[in-house]
Amino acid sequence: MPNTQFMTLARHIIEGERMHPGATGELSKLLHDLSLAAKIISLEVNKAGLVDIIGFTGNHNVHGEQVKKLDVFAHDTMIQALDHGGHLAVMASEESEDIVPIPTRFKVGKYVLLFDPLDGSSNIDANISIGTIFSIYRRVSPDGQPGTIEDCLQPGYKQIVAGYVVYGSSTILVYSAGHGVHGFTLDPSFGEFLLSHQDIRIPKKSKIYSINEGNYLYWHPGLKKYIKYLQEEDKASERPYSSRYIGSMVADIHRNLLYGGIFMYPADSRHPKGKLRLMYECNPMAFLIEAAGGRATDGKKRILELQPQEIHERTPIFIGSEEDVKQVEEFMAREEVAEEVLVNNKKS
Ligand code: AFP
């Protein structure tokens, strides 16, 4: 057991790599560059109220949403910190419609990085926690060539590392390389991420649900029943649950990861695919939550097994404490069976 006192992220990554004889060190360098980008973004996020950086650029991102200057800054910082290290074949970002190639003057590597540079950015003006989410794969196209869209469109179970950085009351980087989920808090005085949350496990059952209840009218009838069930009183099953919804996925998931909870962004009658993006929001979070002992599905299928068709596709998501996610799936399945019986009875 290594001494975890003053365990920096850099040391943790190197020690993790030693467990894989034959590792070239490229992944460690990639994670190091990523943590550098996180420190720069963190610094800028913390200055947001002080400098004249807040405000709309007047542009829209690929989803038609207004882009704030900090989104652009975070996107550019990620690319500038990561495009020249020689470890990446290609990148994809929420802020870029197409894949982000590695400039031809730099060496191409064997890894693929997908990221949401600043998730929850509509909360920036209110000083609410926001975050960067990232996902790393091994390339599937031939080595030495520029990376391709196929490298980016891999199912989530093929991720080799996933993580997020939450810019909150402190800046915390949480990552997993598949074995354990670990959190590191940035010490701003000397600029190092220090191990603060070792081997995080999400409780199997929780007392917290997180969902935008403003969309209630448009939900699946099984989901409506589930939420009502959580609000009923029953000592044995520790109901009613508490409702906690920030509207910033990184912050909501981070809290639920530590305390237990279920986070839901379902499909609804207006948005049949939900809102959140599979490749750089749902997959990395599903990888982390599963590595911490939780569960993540689209209501029926495991998020990590969904075959992506395009970089910016959306998926419904139910993610968090295992027993809670299973329970909402049961509520929705039961309602579908009941509806089927009703339809069949009408026909006969
Ligand atoms: P923004 O980046 O536009 O603020 O969206 C944040 C987000 O993608 C995710 O972080 C939240 O969980 C979710 O959207 C909130 O969506 P609603 O506002 O529809 O609840």
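The values are calculated or read from the model by the stated rules, or taken from the named source; none is laboratory data. In this text, all values refer to a predicted model and were calculated from it rather than measured experimentally. Glycine also receives a Cβ, built like all others from the backbone with ideal geometry; neighbour counts cover every protein chain displayed. Heavy atoms of the whole protein, side chains included, go into the accessibility calculation; ligands, DNA and RNA do not. Shrake-Rupley method; radii C 1.70, N 1.55, O 1.52, S 1.80 Å.
Look at Leu70 and say whether it is open to solvent by 60 Å² or more (accessible area, probe 1.4 Å), of a type outside the set (S, T, N, Q) and modelled with pLDDT under 95. First the steps, then the outcome.
Details: open to solvent by 60 Å² or more (accessible area, probe 1.4 Å): no; of a type outside the set (S, T, N, Q): yes; modelled with pLDDT under 95: yes.
Answer is no for this residue.
Of the residues in the stretch 166-176, how many are of a type outside the set (Val, Ile, Thr) and buried (at least 23 other Cβ atoms within 10 Å of the Cβ)?
Counting residues in the stretch 166-176 that are of a type outside the set (Val, Ile, Thr) and buried (at least 23 other Cβ atoms within 10 Å of the Cβ) gives 3.
Can you tell me which residue is nearest to the ligand (Cβ to nearest atom) among those in the stretch 230-255 that are over 24 Å from Leu118 (Cα atoms) and touching a Leu at 6+ places or on another chain (Cβ under 9 Å)?
The qualifying residue nearest to the ligand (Cβ to nearest atom) is Ser243.
Could we say that Glu322 is open to solvent by 20 Å² or more (accessible area, probe 1.4 Å), out of contact with any His (no Cβ under 9 Å at 6 or more places or on another chain) and either aromatic (Phe, Trp, Tyr) or more than 21 Å from Lys225 (Cβ to Cβ) (or both) here?
no
Could you please find all residues in the stretch 253-277 being surrounded by fewer than 18 Cβ atoms within 10 Å (Cβ to Cβ) and among the small types (Gly, Ala, Ser)?
Scanning the stretch 253-277 gives a single hit, Ser269.
Does His182 satisfy being farther than 26 Å from Ala291 by Cβ, at pLDDT 95 or above, touching a Phe, Trp or Tyr at 6+ places or on another chain (Cβ under 7 Å) and open to solvent by 10 Å² or more (accessible area, probe 1.4 Å)?
Numbers: farther than 26 Å from Ala291 by Cβ: no; at pLDDT 95 or above: yes; touching a Phe, Trp or Tyr at 6+ places or on another chain (Cβ under 7 Å): yes; open to solvent by 10 Å² or more (accessible area, probe 1.4 Å): yes.
No.
Could you tell me which residue of the stretch 256-286 is farthest from Ile202 (Cα to Cα), considering only residues that are in contact with a Gly (Cβ under 9 Å, 6 or more places away or on another chain) and within 12 Å of the ligand (Cβ to nearest atom)?
Asp268
How many of the residues making up the stretch 123-170 are in contact (Cβ under 8 Å) with a residue 24 or more places away in the chain, over 26 Å from Ala291 (Cβ atoms) and out of contact with any Leu (no Cβ under 9 Å at 6 or more places or on another chain)?
Residues flagged as in contact (Cβ under 8 Å) with a residue 24 or more places away in the chain, over 26 Å from Ala291 (Cβ atoms) and out of contact with any Leu (no Cβ under 9 Å at 6 or more places or on another chain) within the stretch 123-170 amount to 11.
Please verify whether Gly163 is surrounded by 15 or more Cβ atoms within 10 Å (Cβ to Cβ) and closer than 30 Å to Phe6 by Cβ, treating the condition exactly as stated.
Spelling it out, Gly163 is indeed surrounded by 15 or more Cβ atoms within 10 Å (Cβ to Cβ) and closer than 30 Å to Phe6 by Cβ.
For the list (1) among the β-branched types (Val, Ile, Thr); (2) within 16 Å of the ligand (Cβ to nearest atom); (3) out of contact with any helix residue (DSSP H, G or I) (no Cβ under 6 Å at 6 or more places or on another chain); (4) under 30 Å from Met7 (Cα atoms), I need the number of the one condition that Ile227 fails.
Of everything listed in (1) among the β-branched types (Val, Ile, Thr); (2) within 16 Å of the ligand (Cβ to nearest atom); (3) out of contact with any helix residue (DSSP H, G or I) (no Cβ under 6 Å at 6 or more places or on another chain); (4) under 30 Å from Met7 (Cα atoms), Ile227 misses just condition (4).
I need a count of the residues in the stretch 125-160 that are open to solvent by less than 30 Å² (accessible area, probe 1.4 Å) and among the hydroxyl-bearing types (Ser, Thr, Tyr).
Final tally of qualifying residues: 4.
For the condition within 18 Å of the chain's Cα centre (by Cα), buried (at least 16 other Cβ atoms within 10 Å of the Cβ) and not in a helix (DSSP H, G or I), what is the one hit in Leu113, Leu194?
So the residue among Leu113, Leu194 that is within 18 Å of the chain's Cα centre (by Cα), buried (at least 16 other Cβ atoms within 10 Å of the Cβ) and not in a helix (DSSP H, G or I) is Leu113.
With (1) out of contact with any Ser or Thr (no Cβ under 8 Å at 6 or more places or on another chain); (2) within 16 Å of the ligand (Cβ to nearest atom); (3) within 28 Å of Arg11 (Cβ to Cβ) as the list, and Asn127 as the residue in question, which single condition is left unmet?
The single condition Asn127 does not satisfy is (3).
Which residue is farthest from the ligand (Cβ to nearest atom), if the candidates are limited to the stretch 82-107 and must be open to solvent by 30 Å² or more (accessible area, probe 1.4 Å) and touching a Gly at 6+ places or on another chain (Cβ under 8 Å)?
Filtering the stretch 82-107 for residues open to solvent by 30 Å² or more (accessible area, probe 1.4 Å) gives 84-85, 95, 97-99, 101, 103-107.
Checking which are touching a Gly at 6+ places or on another chain (Cβ under 8 Å) leaves us with 85, 99, 101, 106-107.
Numbers: Gly85: 27, Ile99: 21, Pro101: 25, Phe106: 30, Lys107: 33 Å.
Once the filter is applied, the top-ranked residue is Lys107.
Determine whether Gly294 is in contact (Cβ under 8 Å) with a residue 60 or more places away in the chain and open to solvent by 10 Å² or more (accessible area, probe 1.4 Å).
yes
Tell me yes or no: at least one residue of the stretch 38-59 is outside any helix (DSSP H, G or I) and modelled with pLDDT of 90 or more.
No, the stretch 38-59 has no match at all.
So, in the stretch 278-291, exactly how many residues are open to solvent by 10 Å² or more (accessible area, probe 1.4 Å) and not acidic (Asp, Glu)?
Within the stretch 278-291, the subset open to solvent by 10 Å² or more (accessible area, probe 1.4 Å) is 287, 290-291.
Next, only the ones that are not acidic (Asp, Glu) stay: 287, 291.
Selection size over the stretch 278-291: 2.
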